[in-house]
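Visitor: Sharing a structure here in structure tokens format.
The values are calculated or read from the model by the stated rules, or taken from the named source; none is laboratory data. These numbers were taken from a predicted model, which means no experiment stands behind them. As a convention, Cβ positions derive from the backbone with ideal geometry for all residues, glycine included, and neighbour counts pool all protein chains shown. Remember, those area values only see protein heavy atoms, side chains included, never the ligands or the DNA or RNA. Shrake-Rupley method; radii C 1.70, N 1.55, O 1.52, S 1.80 Å.
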Amino acid sequence: MLRGILRKKVKDILDFTLDKSHRKAVAGILAASALIGAAFIAKDIAGAGTFVTGAGGSVVELVPRGGGRNTFNVRIRASKNGRSYERNAVIILQDASGDDSARKKEADELSEMERAVDEALSDVERAGERRVRLPSKGIGGVKLTWEKEKPHGAVAVILVPLLLFAGYYESEKQKKDKVRKSETESVNRMLPSFNDQLLLLLSSGMVLSDAFNSLADSYKVKEKKEYFDEEIINIADRARADHRSIANVMNEEAQKLQIREFSRLSGVISDGQYRGIDICSKLESESSLLWQLRKNSAEAIGKLAETKMTIPLALLLFVLVVVTTAPALIQVEGG
């Protein structure tokens, strides 16, 4: 079961990504991810402060930014008598502001830890063994903890596009769900009256296709059409253009909408057209059920509105209590 859910989720995401309407947004997400990832990588390389370079391109000065510690990732190269030595290092500069004694104490502690780190690194590099045991303590009892450096920029390049895409996917999914909910509400709200109108025309002697087309034509002249109106007009136009039966086109539309009430009405019309069942009696029984469902839906919406109004009413009541009691409290304090 879990595998089936995951397979369906992956299929939905692939369909969403390959949809033409989302290609520009996905391309924008990739471009934004590249920029953000580059910014993270640049931050990892550049450090927190500013490097001032000389004429030859080497760094000659470090300019820390104000506020707290500034970290500079540098690479040092030493040379003498034709030989050279290189090493990566991290320089941490403290902010010049603050209490002198506290700053001196912090600087001394930091200097002690730096000497312990330098000594430990030197011992490890001079070990000359295939497997080097990293020390857990340095000079002066400084505790040493060794960790593998995490490539923040590389992680950002991977995570940023995933997070941006997930946000966009959820946003579009919520929009789609909202549209779907609005369409379902329109169908459920308009279906009872459509059922009764169709029953009235059929009872007056009209055949199904003429009655359906007549209702569709009446919906076309509406100034403000709802989703259900558009669906009925679309079914009638497709049946006319393709020379197909109303029942056939309506069944296709019911499969697409996946709305139970609409599918049930489509089944009633199909039974009347293809199996010769008395469609009027079926529509009469369907009418009472549809109106009852609409009534239940209206009651549920009303209860939900009452719940949403509880907090605003409570706030208004609180303001009313404050306004009415504040003058009396002020008089009491004033004596």
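Visitor: With a Förster radius of 51 Å, plug the Cβ-Cβ distance of MET113 and LYS256 into 1/(1 + (r/R0)^6) and report the FRET value to the nearest 0.05.
Guide: Once rounded, the FRET efficiency stands at 0.15.
Visitor: Taking θ as phi - 60°, what are the ³J(HN,Hα) couplings along region 305-315 by the Karplus curve (6.51, -1.76, 1.60), each to the nearest whole Hz, with x for Gly and Pro?
Guide: Karplus-based 3J(HN,Hα) across region 305-315 equals 5, 4, 5, 5, 7, 4, 5, x, 5, 5, 5 Hz.
Visitor: Describe numerically, in nm with one decimal, the distance between label points set 7 Å from Cα along Cα→Cβ at THR310 and at ARG264.
Guide: So the label points at THR310 and ARG264 sit 3.1 nm apart.
Visitor: If the chain between THR145 and ILE330 were fully stretched, how many nm would it gain, using 0.36 nm times the residue separation less the Cα-Cα distance? The partial results should precede the final answer.
Guide: Working: separation 185, 0.36 × 185 = 66.60 nm, distance 6.26 nm.
Once the chain is fully extended between THR145 and ILE330, it gains 60.3 nm.
Visitor: Cα centroids of region 205-267 and region 283-308: how far apart, whole angstrom?
Guide: Each part's Cα centre sits 23 Å from the other's.
Visitor: Taking Cα pairs under 8 Å and at least six residues apart, what relative contact order does region 194-270 come out at, in percent?
Guide: Relative contact order, region 194-270: 20 percent.
Visitor: Here is a further query. With a 1.4 Å probe and all protein chains left in place, how much accessible area per residue does region 249-302 have, in Å²?
Guide: For region 249-302, the solvent-accessible area averages 57 Å² per residue.
Visitor: Taking θ = phi - 60°, what integer Hz values does the Karplus form 6.51 cos²θ - 1.76 cosθ + 1.60 yield along region 183-194, in sequence order, with x for Gly and Pro?
Guide: Values, residue by residue: 5, 5, 4, 5, 5, 5, 6, 8, 5, x, 5, 5 Hz.
Visitor: What full-extension length gain, to one decimal in nm, is calculated for VAL321 and LEU6 as 0.36 nm per residue of separation minus the Cα-Cα distance? Mind showing how you got there, number by number?
Guide: Details: separation 315, 0.36 × 315 = 113.40 nm, distance 5.40 nm.
My answer for the length gained is 108.0 nm.
Visitor: Follow-up. Output wanted: per-residue J couplings in Hz (rounded whole) for region 111-118, from phi through Karplus 6.51 cos²θ - 1.76 cosθ + 1.60, θ = phi - 60°, x for Gly and Pro.
Guide: 5, 5, 5, 5, 5, 5, 5, 4
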